[in-house]
Amino acid sequence: MPALGLKRLRRVLHHVTVSADSDAAVTHWQPGATLEHRVLSESRAPQDLDVEVAIIGGGLAGIICAVKLIDAGFKSFIIFEKGSDLGGTWYWNQYPGCACDISAYGYLPYLQRLGVVPPNKYVSSAEIRAHLHRIADHFGLRKHAVLATKVSSVVLNEVAPNKPRWSLRTDRGDSCSATFVICAVGLLSTPKLPEVEGMQRFKGLSRHTSHWQAADIDRCRNQRVAVVGTGSSSVQIVPELAAIAKHLYVIQRTAAWVLPRVDEPTSQEMRLQLLDEKGSQAQRWEVSDNIDEYNVNIQSDEMNKELQTQLSSYIKAIVKDQNIALALIPDYPVGCKRVCLADNYYPVFNRSNVTLVAHRGGVRQVTETGVLLKDGSTLEADVLVFATGFDAFSGAFSTFSVCGRGGESLSDYWSDGPKCLYGVHPGPGFPNFMCLNGPQSPGIIANVTEAVHRQTDHVIEVLTKLQHHNSKQVAARKDAVDRYATKTDSMFPGSVFAKCNSWYNRPRDGSDAPRLEGWVGSFREYLRQFSNDDLDFS
Ligand code: NAP
């Protein structure tokens, strides 16, 4: 997500030195990081657990939540994590080139408290993972974590009126009873493969980007590699694979707008700011406000067209073959699909070992030796890399069952599209069940870390209030859930996001109508939605 306001973007585009030396622009991935930790830990006996709070998911949100619980004096909590280590997105996504496209100064949590400063404005997946593990060690989170364990069901037991208790079961046979469930399952954590025939037929290596293994890089070396998709994951992995593959095919169904990233080393001034509590908070606000400014700018037809013109010239200046350059220019407004950030993507198409496979409709079928494209042509490859994204927002909730009041399942409740007050509270049927980064959260046009901080502050406030008032349960009022959903939905028609399909705006099963599952207003406006009047305590 660009922390670029329009004025800054104009400046950047103006000053970008267009390098004709494509090889020089490609960074080489050092395959130093190993993925041994992905191997599931040896089998263990199932456990019976009884806790106050069960957190599902040990990624960024689960980690922030655990730290805030500790800060607020809660001791009885557990984190269930399906990966063999904490880290979530940054545990799973270890493909070459993987990095965060939000400024680390706003993205990385607890810099000031840990006295840590990132070396650059943008950080790699490995650096983020290391930072999250640093937080886990610093705050003693590991002793609360049950790793390599996937929650399979969450069921409400109302043992007494107004006394909810949730029963969780895991794929390892554990059972856990908890007063509160906090679902921090990630908004982009369920990988999506194309729904095409023959996915199992391919004889070579086939890999979704989020399941990349360290050894995969060697299997790509001097091979014919095809990358399917051209979103953020593709834009990051393509330059790395281009540098080592015998030939790289980039299968583009729809072009992406790729904005310059322009990384920079952390200045001494920034360092001091990040190590200061107020300065660090101010930096987080600056990142959020920059994103809000970008969001306003892309909604304006005039500014968007100006941006499209500038970016098109930028692409044409970098990519020497003007037919390829034209094929790389999207035909929809900037920001409609989430923009990508990279300086090394477009130069790749000047390489003789890279072919852009465009205007062929994308992959229709996978064959034993490659893919069949929608226009009927075929492409042979030794490795297929699926950079085909994720089943966003409510997708992760379809990987386990949640059964609330009166036996109502969350998936039935959300069958017409998920409703979740502030992205946190599903509604009255799900007391003491809260989400972080749930559907209708501001995860599309926002700094996800900041959104999680604010949502978790709210959750802790709610838990503390329950304690102080000797209440046993909290749930969102139906009218509040409906009001927030109406407000969230109302931002979609007429916005830039309604002008194409993307992971955050796609027709649900059995429907033609795209629906937005996230909040796309300004972040400050989002924060103004929070009100204790929206919740019932009893
Ligand atoms: P994505 O943006 O959803 O891109 C998926 C790509 O797969 C699209 O280009 C899509 O084409 C293509 N595709 C799907 N089925 C296809 C088929 N049958 N044939 C050809 N192409 C096909 O997924 P992503 O790149 O993983 O990124 C998703 C989000 O994850 C990002 O927007 C970002 O929020 C997050 N992310 C962040 C970073 C980061 O830097 N922080 C890095 C990676 C991901 P169409 O456009 O035509 O559907």
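Data overview
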item	result
Complete set of residues in the range 375-389 that are assigned to a loop (DSSP other than H, G, I, E, B) and either more than 11 Å from the ligand (Cβ to nearest atom) or β-branched (V, I, T) (or both)	D375, G376, S377, A381, D382, T388
Condition met for F393 (aromatic (F, W, Y) and either away from the ligand (no atom under 13 Å from the Cβ) or more than 30 Å from T456 (Cα to Cα) (or both))	no
Residue match in the range 417-429 (condition: surrounded by 23 or more Cβ atoms within 10 Å (Cβ to Cβ), at pLDDT 95 or above, under 16 Å from R528 (Cα atoms) and touching a helix residue (DSSP H, G or I) at 6+ places or on another chain (Cβ under 6 Å))	yes
Matching residues, the range 156-185, being among the polar types (S, T, N, Q) and not in a strand (DSSP E or B)	N162
Failed criterion for W257 (all others in (1) farther than 26 Å from L187 by Cα; (2) away from the ligand (no atom under 11 Å from the Cβ) hold)	(1)
Near pairs, Cβ below 9 angstrom, 6+ apart or cross-chain, from the range 368-393 (at pLDDT 95 or above) to any residue that is in a loop (DSSP other than H, G, I, E, B) and of a type in the set (D, E)	T369/D382; G370/D382
Condition check for S312: surrounded by fewer than 20 Cβ atoms within 10 Å (Cβ to Cβ) and either within 30 Å of D171 (Cβ to Cβ) or away from the ligand (no atom under 12 Å from the Cβ) (or both)	yes
Qualifying position, being farther than 23 Å from C336 by Cα and charged (D, E, K, R), among R524, R506, R515, R477	R477
Any hit, the range 350-368, residues being of a type outside the set (S, T, Y), touching a Ser or Thr at 6+ places or on another chain (Cβ under 8 Å) and part of a strand (DSSP E or B)	yes
Residue tally, condition closer than 18 Å to T230 by Cα, over 25 Å from the mean Cα position of the chain (by Cα) and part of a helix (DSSP H, G or I), over the range 319-343	5
Among (1) out of contact with any Gly (no Cβ under 8 Å at 6 or more places or on another chain); (2) in a helix (DSSP H, G or I); (3) within 17 Å of C340 (Cα to Cα) - the single one K305 does not satisfy	(3)
Positions within the range 488-535 being among the basic types (K, R), modelled with pLDDT under 95 and in a loop (DSSP other than H, G, I, E, B), in sequence order	R508
Some residue of the range 462-470 being closer than 26 Å to G106 by Cα, touching a strand residue (DSSP E or B) at 6+ places or on another chain (Cβ under 7 Å) and surrounded by 14 or more Cβ atoms within 10 Å (Cβ to Cβ)	yes
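Residues checked against (1) at pLDDT 60 or above; (2) hydrophobic (A, V, I, L, M, F, W, C); (3) not in a loop (DSSP other than H, G, I, E, B):
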residue	(1), (2), (3)
H28	no, no, no
S43	yes, no, no
C65	yes, yes, yes
K68	yes, no, yes
K75	yes, no, no
W90	yes, yes, yes
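The values are calculated or read from the model by the stated rules, or taken from the named source; none is laboratory data. In this text, all values refer to a predicted model and were calculated from it rather than measured experimentally. Ideal geometry is used to build each Cβ from the backbone, glycine not excepted, and the neighbour counts take in all protein chains shown.
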